[in-house]
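Undergrad: Attaching a single structure in structure tokens format; questions to follow.
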Amino acid sequence: MLKLKRSLCTECQICMAICSWTHFGENTTKRARINVTADWPKVPMIRVCLACKDRECVAACPHDALSWQNWIQLDKNQCDGCAVCVDACPVNGIRIDTKTGFPLICDTCGGQYQCVQWCPTKAVQKKE
């Protein structure tokens, strides 16, 4: 899973670009599963699923569309886009894909951790 060092973030949004490219073949920040919000001069907010212990999104889903298997898994056949998981996430790490209506939840790029590999300042790290 991920560990964040917000004080190292320069708001370059490379993590967002590589995330959307990896999952959708698009260079857009709107479809990224990680979200960097600038609030200069304050430290940027980095919002992403941190695979919290309680997995409140999984418990909250009224359609059993979310499960845990090394990361949060989404069953698109069960999901109706109700966004209950978005509201349940204690770290605001889930958002809705504007194209599909499905939740965007970090899956560590299938264990490849693209955001970690591409972050030039190491603000996004792999949690050991």
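The values are calculated or read from the model by the stated rules, or taken from the named source; none is laboratory data. If you're wondering where the values come from, they're calculated on a predicted model, not measured in any experiment. So basically every Cβ, Gly included, is an ideal-geometry build from the backbone, and we count neighbours across all protein chains shown.
Undergrad: Identify the residue in the range 81-100 that is out of contact with any Cys (no Cβ under 7 Å at 6 or more places or on another chain) and exposed (fewer than 13 other Cβ atoms within 10 Å of the Cβ) and, among all such residues, is nearest to D64 (Cα to Cα).
TA: Checking each candidate, the answer is D87.
Undergrad: Which of the strands (runs of 3 or more DSSP E) contained wholly in the range 7-86 include at least 1 residues that are in contact with a Lys or Arg (Cβ under 6 Å, 6 or more places away or on another chain) and within 16 Å of V124 (Cα to Cα)?
TA: 35-37, 45-47
Undergrad: Output the number of residues of the range 74-107 satisfying the condition of being at pLDDT 95 or above and more than 12 Å from the chain's Cα centre (by Cα).
TA: 19
Undergrad: If a residue must be under 24 Å from I14 (Cβ atoms) and of a type outside the set (S, T, Y), how many such residues does the range 37-95 contain?
TA: Total satisfying the criteria: 22.
Undergrad: Take the range 1-53 and flag every residue that is among the charged types (D, E, K, R), under 14 Å from the mean Cα position of the chain (by Cα) and more than 17 Å from V86 (Cβ to Cβ).
TA: Of everything in the range 1-53, just one residue is among the charged types (D, E, K, R), under 14 Å from the mean Cα position of the chain (by Cα) and more than 17 Å from V86 (Cβ to Cβ), namely K3.
Undergrad: If the Cβ limit is 7 Å and pairs must be 6+ apart or interchain, which residue in the range 84-103 that is closer than 12 Å to R33 by Cα pairs with which residue that is at pLDDT 95 or above and part of a helix (DSSP H, G or I)?
TA: I94/C57; I94/C85; I94/V86; R95/V86; I96/V86; P103/C85; P103/V86
Undergrad: OK, next. Which one of these is in the same structural domain as K5 (by TED's automatic domain parsing), exposed (fewer than 14 other Cβ atoms within 10 Å of the Cβ) and in contact (Cβ under 8 Å) with a residue 40 or more places away in the chain: K126, K42?
TA: K126
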